[in-house]
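K.L.:
This structure is in structure tokens; I'll ask about it shortly.
No lab work stands behind these numbers, since they all come straight from the coordinates. Quick caveat, the model's predicted, so the values are computed rather than measured. Don't worry about glycine lacking a Cβ; one is built from the backbone with ideal geometry, like all the others, and counts go over all protein chains shown.
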């Protein structure tokens, strides 16, 4: 999401707020959010070297979300008439984007010219048939949910593993009549998939344990592709998001003040501080030019500040835009570099991701180790924390470097946990010895 995207989003939101009347605001606002988010998925998608895939990736996003809804929605929710309208809106938007190929509007909604309309129609018909079959003949059971989660993880591993990504890019280039030898891992630039997959896995897992609220296709799609948070989070929970979506509040002066402050803060952090620090932060070029260890430390410090201002800036922008739209997204950062230890750092850095991993990895793994084995507490803590941080590292990229980074942080969290327990029990041990 670049500066142009943000400014256009801001102008469109303020215009919509001015035009929408309170009497029909609640009825139409949800449909406007769905249509705007679907268009934004296409518009924000960066160029892809593989022919037509800057159209196919956003289309795949919309289809994947629709299929996940079809297997998670209860039978009574699937039969709601509103779902047909949502599917029609979605198909219409995809077709509108596809038809821009005949208007000479390349770069307006997609970076390059969309594929032939007949191909797009075939893809939409196939997706509609599969969605109808899933909705008609499947029930939200644990096996189906587990298979969907496994598919999501496999897609994630494919995109995040350089060797696999390069092989997939070569295959796609061959399919599209391009030179396979030119394939690179970064050819598969599927915008927002890292965050989309976590939102979808959240809904699949919660359906497995019976705590996912029943939502329509429109609501599910809006949650999954909500444009302010689509590219860089935060990762919201469906039940919290739906509460705001179903009862959007009219824009108040306080909302304008809060949203304005968050937007200005985010824009300054991202496009002033982070972009300036990027010029002097650690990268291959700057590291090769450093002549002393002290310069390398300065480059590393600049890099650590750059990634914070970049990420926290995008979060402030997302929260500000969400506030203008009547939705309060969760916080993601709480001054992590000012915390006194590693545990508190991770409790305040990318908090929505940390909470996601805690809910779906750390807590289930810890409970399983406690109930199914007789291991000592310290070993359970070690396994759980290193596994958690290993997955956090692999979420950034399935590479040895990120794996080592994750294991290192997991070990650090374990050492701090043991140290904290030892320190907290020291007064009692001291009194016992003195007695």
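K.L.:
How far apart, in nanometres, would the label points at residue 247 and residue 12 be if each is projected 7 angstrom from Cα along the Cα-to-Cβ direction?
P.N.:
If labels sit at residue 247 and residue 12, their model points lie 2.8 nm apart.
K.L.:
Assuming a ≥ b ≥ c are the square roots of the Cα gyration tensor eigenvalues, decide whether the stretch 194-337 counts as rounded (a/c under 1.5), prolate (otherwise, with a/b larger than b/c) or oblate.
P.N.:
oblate
K.L.:
Can you work out the FRET efficiency for the pair residue 377 and residue 103, with r the C-beta to C-beta distance and R0 = 56 Å, to the nearest 0.05?
P.N.:
Taking R0 as 56 Å, the efficiency between residue 377 and residue 103 is 0.30.
K.L.:
Once you put a point 7 Å from the Cα of residue 407 and another 7 Å from the Cα of residue 174, both along the Cβ direction, what distance in nm separates them?
P.N.:
Between residue 407 and residue 174, the simple spin-label model gives 3.4 nm.
K.L.:
What's the FRET efficiency of residue 182 with residue 147 using the Cβ-Cβ distance as r and R₀ = 35 Å, to the nearest 0.05?
P.N.:
0.50
K.L.:
Moving to a separate point now. Taking the mean number of other Cβ atoms within 10 Å as a proxy for protection, how do you rank 91-101, 156-166, 141-151 from highest to lowest?
P.N.:
91-101, 156-166, 141-151
K.L.:
By counting other Cβ atoms within 10 Å of each Cβ, how are 361, 65 ranked from fewest to most?
P.N.:
The most exposed by this proxy come first: 361, 65.
K.L.:
Only Cα pairs under 8 Å and at least 6 apart count here; give the relative contact order of the chain as a rounded whole percent.
P.N.:
15 percent.
K.L.:
Next up: Run the helix sum for the chain: -39,500 (n - 2.57) per DSSP H stretch of 4+ residues, divided by residue count, reported at 222 nm to the nearest 500 deg cm²/dmol.
P.N.:
That calculation yields -23000 deg cm²/dmol at 222 nm.
K.L.:
Could you work out how far helix 253-268 tilts from the main Cα principal axis of the chain, as a 0 to 90 degree angle to the nearest 10?
P.N.:
Taking the Cα atoms of the chain, the angle to 253-268 is about 70 degrees.
K.L.:
For a quick protection proxy, order the peptides 176-188, 213-225 by their average other-Cβ count within 10 Å, most packed first.
P.N.:
My ranking of the peptides, most packed first, is 213-225, 176-188.
K.L.:
Under 13 Å from a point 7 Å along the Cα-to-Cβ line of residue 32: which residues of the stretch 72-109 have their amide N that close?
P.N.:
none
K.L.:
With a Förster radius of 51 Å, plug the Cβ-Cβ distance of residue 283 and residue 257 into 1/(1 + (r/R0)^6) and report the FRET value to the nearest 0.05.
P.N.:
0.85
K.L.:
OK, next. Test of understanding: what is the full-extension gain from residue 138 to residue 240, defined as 0.36 nm times their sequence separation minus their Cα-Cα distance?
P.N.:
Length gained between residue 138 and residue 240: 34.0 nm.
K.L.:
Using 0.36 nm per residue, how much length does the chain from residue 341 to residue 214 gain when fully extended, once their Cα-Cα distance is taken away?
P.N.:
Here the answer is 41.7 nm.
K.L.:
Sorted from fewest to most neighbouring beta carbons within 10 Å, what does the list 314, 360 look like?
P.N.:
360, 314
K.L.:
Between rounded, prolate and oblate, where does the stretch 1-142 land on the alpha carbon gyration tensor, with a ≥ b ≥ c its root eigenvalues, rounded for a/c under 1.5, else prolate if a/b exceeds b/c?
P.N.:
Oblate.
K.L.:
Modelling each spin label as a point 7 Å along the Cα-to-Cβ direction, I'd like the residue 264/residue 60 distance in nm, to one decimal.
P.N.:
For the pair residue 264/residue 60, the computed spacing is 4.2 nm.
K.L.:
What is the helix-to-structure angle for 363-372, meaning the angle in degrees between its Cα long axis and the longest Cα principal axis of the chain, kept from 0 to 90 and rounded to the nearest 10?
P.N.:
60
K.L.:
Just order 316-327, 413-424, 46-57 by mean Cβ neighbour count inside 10 Å, highest at the front, would you?
P.N.:
Packing order, densest peptide first, comes out as 316-327, 46-57, 413-424.
K.L.:
If you build a Gaussian network model of the chain, linking Cα atoms that sit under 10 Å apart, which residue out of 276, 60, 38 swings the most?
P.N.:
Fluctuation is largest for 276.
K.L.:
Stretch residue 163-residue 19 to full length: gain in nm at 0.36 nm per residue minus the Cα-Cα span?
P.N.:
So the chain would gain 46.8 nm between residue 163 and residue 19.
K.L.:
In addition: Relative to the first principal axis of the alpha-carbon coordinates of the chain, what is the inclination of helix 377-396, with its axis defined by its Cα atoms, in degrees from 0 to 90 and to the nearest 10?
P.N.:
Computed tilt is about 40 degrees.
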